[in-house]
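Student: Structure provided below as C-alpha cells; questions to follow.
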Amino acid sequence: MDDYVDQTMLELDRFAIGQPVPRSEDPVLLRGEGHYADDVSLPGQAYAVMVRSGHAHGIIRGIGAAAARAMPGVLGVYTASDLEAAGVGTVCCDAAFALEGPFTTGNIARQSFERVLPNTLVEPTPTDHFSEEERRGRLVPDRHPDEHATCYVVQGRGLVVISSCSHCGVLNAIRTAMAVSGVDKLHAVLGGFHLGVAPPDYVEHTIAELKELAPDVVIPMHCTGRNFIASMRAEMPDRLIDWNTGSRFTFGV
C-alpha cells in the first residue's frame, strides 16, 4: 500500500493537465497583429535550418555536407564532429561559472517561500541524479536541481539577472546571483518567472518581495503568466517593460 501523496501532483490535476486555461493572446492573433520569430528581419540576418534524419530509428553512419556547403548563399554547415573539432561541448554549471563577460549562478539556493510549481514530469533512467523516491518507477514532478540563471554586472547600474524559467523561484535566482557576485543592487530581471499556474496569494507574495529588491527594470516573459503581469501594472508600472518576439534589450550606462 502506497500512502505517499505529492502536493505538486494534486496541483497539476487542479491547474494544468486536462483543465481549461484562460487565454489572453487570442484577440491579438485574431486581428492579425501577432508577432512571431519568422517576422523578424534584421540587416544581414542569416537563417538556421535543423536537418534531421528522414528515417525513424535510423543508424547514422556518416554525414556528407560537402554539397550543402557548396550551395549559393550557404554560410556554413555544422555537424557534431565540427563542434567537437572546435572544442564546443557541454559545460556543467552546478557551481558559479565565470564566462567572458557574464557569469552563471550555479545551482540556485532555495531559501525563500517559493517552491517548484506544477510543470513537467520526469522518468528515471539507469544513470541520473534522481532520488530514491524518484527511482520508484513512476513519473514525478521535475524539481529542476540543475536550473541556473545567467547574469551580468553593468557598471554604475547593478546586476542584470536572466532567469531560465524560474522553476526554482525568481527571487531565489536573484538572491543567489547577488550572493555569487557580491552585488546587492538589482538593475534588471528578465526571463520566464513560471507563475502562470501560481495562485493569487503566491503571485502577490512574489511581487511584494520583488518590490523590496527595488529593480529598475522587470521584463516578465513566456511562462510568467498574465496574473503577475497584471499585478505588476498595478504595483510597479514604472518598472514593467513589455516585449514581443524579436525584442532586443541593451543594458548599460
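The values are calculated or read from the model by the stated rules, or taken from the named source; none is laboratory data. Just so it is clear, the structure is predicted and the values come from calculations on it, not from any experiment. In this analysis, Cβ positions are derived from the backbone assuming ideal geometry, glycine residues included, and neighbour counts consider all displayed protein chains.
Student: Can you find even one residue in region 235-244 that is assigned to a helix (DSSP H, G or I) and either of a type outside the set (Ser, Thr, Tyr) or crowded, with 16+ Cβ neighbours inside 10 Å (or both)?
Tutor: So far as region 235-244 goes, yes, one or more of its residues are assigned to a helix (DSSP H, G or I) and either of a type outside the set (Ser, Thr, Tyr) or crowded, with 16+ Cβ neighbours inside 10 Å (or both).
Student: Please identify the pairs in which a residue from region 42-67 that is without any contact (Cβ under 8 Å) to a residue 24 or more places away in the chain has its Cβ atom under 8 Å from the Cβ atom of a residue that is surrounded by fewer than 10 Cβ atoms within 10 Å (Cβ to Cβ), counting only partners at least 6 apart or on another chain.
Tutor: What qualifies is SER53/ILE60.
Student: Quick one: would you say PRO124 is at pLDDT below 85, touching a helix residue (DSSP H, G or I) at 6+ places or on another chain (Cβ under 9 Å) and in a loop (DSSP other than H, G, I, E, B)?
Tutor: Considered against the rule, which asks whether it is at pLDDT below 85, touching a helix residue (DSSP H, G or I) at 6+ places or on another chain (Cβ under 9 Å) and in a loop (DSSP other than H, G, I, E, B), PRO124 comes out as yes.
Student: Search region 211-233 for residues that are on the phi > 0 side of the Ramachandran plot and pair each with any residue that is of a type in the set (Val, Ile, Thr) and surrounded by 14 or more Cβ atoms within 10 Å (Cβ to Cβ) when their beta-carbon atoms are under 8 Å apart and the residues are at least 6 apart or on different chains.
Tutor: Close Cβ pairs (under 8 Å, with a partner that is of a type in the set (Val, Ile, Thr) and surrounded by 14 or more Cβ atoms within 10 Å (Cβ to Cβ)) amount to GLY225/VAL197; GLY225/VAL203.
Student: How many residues are within 16 Å of THR176 (Cβ to Cβ) and part of a loop (DSSP other than H, G, I, E, B) if we restrict to region 61-98?
Tutor: Counting residues in region 61-98 that are within 16 Å of THR176 (Cβ to Cβ) and part of a loop (DSSP other than H, G, I, E, B) gives 4.
Student: Turning to a different aspect of this structure: Within region 173-193, how many residues are in contact (Cβ under 8 Å) with a residue 24 or more places away in the chain, in contact with an Asp or Glu (Cβ under 9 Å, 6 or more places away or on another chain), in a helix (DSSP H, G or I) and surrounded by fewer than 22 Cβ atoms within 10 Å (Cβ to Cβ)?
Tutor: 0
Student: Working only within region 37-78, note down all residues that are within 25 Å of HIS222 (Cβ to Cβ) and surrounded by 10 or more Cβ atoms within 10 Å (Cβ to Cβ).
Tutor: ASP39, VAL40 - these are the residues of region 37-78 that are within 25 Å of HIS222 (Cβ to Cβ) and surrounded by 10 or more Cβ atoms within 10 Å (Cβ to Cβ).
Student: Tally time: how many residues in region 30-40 are in a loop (DSSP other than H, G, I, E, B) and at pLDDT 85 or above?
Tutor: Selection size over region 30-40: 2.
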